[in-house]
Amino acid sequence: MIQEERKHIILQELSRTSVVKLEDLSQQLNVSIDTVRRDLKALDRAGLVQYIRGGAKAVHESHQFAHFNGRKVIHNELKREAARKAVQIIQPNDLVMLNSGTTTTILAEEIAQADLTCSIVTNNIAAAEAAAANPKCRIHLLGGDWDGAEQSTWGSRCLREAETYFPDICFLAVNSLDVQAGLTDFRFREIPIMQVMARNAWKTYAVMDSTKLDRLAKKQVFPLSQTPVVIMDSDIGTDDLQRYKDGGIEIQ
């Protein structure tokens, strides 16, 4: 059975049940769970389903958000798992840099929950507010022009201030990862900020959920040769992990 036939059956199932599971579809379609996972993520990228851990659910118009608050809801569980992995890398008294994005905001929430002693530099207002719940976190908020849609600062002042910091770790929320194009993003204002943050950091990680694999956004952030280690949730097949490893990208 070819992929388009499988997708058609999956969409038919969703029209009847609203939620489908990987194991059930694997048996119904007589293919591996990894194959079903790839099909569901392809449908998610096309906006036809919403991928969730262990399966997918039907897309409702109210879930199709382009703004920050809407994106924070989508794939929240996967983003949080990746964020928890990232928190484990932080050492006491580290200077941590975060860019704008829903995943780095969730990461800031996890930093607050972990009761870590660290300093955070960010242009992400939502992340700064989340991390401030931990009194052991010292927050350095980058100035600049206000982007209400992204709840962040940007522009020449933001870039100048970011250039003065040399963090121990930089965590970047990036929109898309492709095995040939590297990391790409649709937020043109944010891309130069990400590049400055990564250039000054001792160690940089991209933190993202597994639905971002095999996607291309509007503009390249880092080419394949400069793509940092990627921290991701565990809902990714072994064949995809190997494919990206063969392409020179490490996914943890």
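Some observations on this one:
- Per-region count, the range 226-249, residues farther than 25 Å from GLU23 by Cβ and either assigned to a loop (DSSP other than H, G, I, E, B) or β-branched (Val, Ile, Thr) (or both): 8
- Test for GLY182: is it in contact with a Leu (Cβ under 7 Å, 6 or more places away or on another chain) and not aliphatic (A, V, I, L, M): yes
- The range 23-34, residues that are surrounded by fewer than 19 Cβ atoms within 10 Å (Cβ to Cβ) and either in contact with a strand residue (DSSP E or B) (Cβ under 8 Å, 6 or more places away or on another chain) or part of a helix (DSSP H, G or I) (or both): GLU23, ASP24, SER26, GLN27, GLN28, LEU29, ILE33, ASP34
- Flag for GLU110 being without any contact (Cβ under 8 Å) to a residue 60 or more places away in the chain, of a type in the set (D, E, K, R) and under 16 Å from GLN151 (Cα atoms): no
- Of all the listed residues (LEU213, LEU241), the sole one being buried (at least 19 other Cβ atoms within 10 Å of the Cβ) and either of a type outside the set (Lys, Arg) or at pLDDT 95 or above (or both) is LEU213.
- Contacts under 8 angstrom Cβ, first residue in the range 146-167 being in the same structural domain as ILE193 (by TED's automatic domain parsing) and on the phi > 0 side of the Ramachandran plot, partner among the charged types (D, E, K, R) and modelled with pLDDT of 95 or more, 6 or more apart: GLY155/ASP145
- Residues located in the range 199-225, provided they are of a type outside the set (D, E, K, R), part of a helix (DSSP H, G or I) and farther than 25 Å from GLN242 by Cα: ASN200
Here's the yes/no breakdown for (1) more than 29 Å from ASP214 (Cα to Cα); (2) out of contact with any Lys or Arg (no Cβ under 7 Å at 6 or more places or on another chain):
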site: GLU129; (1), (2): yes, yes
site: ARG138; (1), (2): yes, yes
site: LEU142; (1), (2): yes, yes
site: GLU150; (1), (2): no, no
site: ARG157; (1), (2): yes, yes
site: THR164; (1), (2): yes, yes
site: ILE169; (1), (2): no, no
site: ARG187; (1), (2): no, yes
site: ILE193; (1), (2): no, yes
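- Candidates VAL31, VAL20, VAL49, VAL59 - the one that is more than 22 Å from the chain's Cα centre (by Cα) and closer than 22 Å to LYS79 by Cβ: VAL20
The values are calculated or read from the model by the stated rules, or taken from the named source; none is laboratory data. These numbers come from a predicted model, not from an experiment. For neighbour counting, all protein chains shown are included, and Cβ atoms are generated from backbone atoms with ideal geometry for every residue, glycine included.
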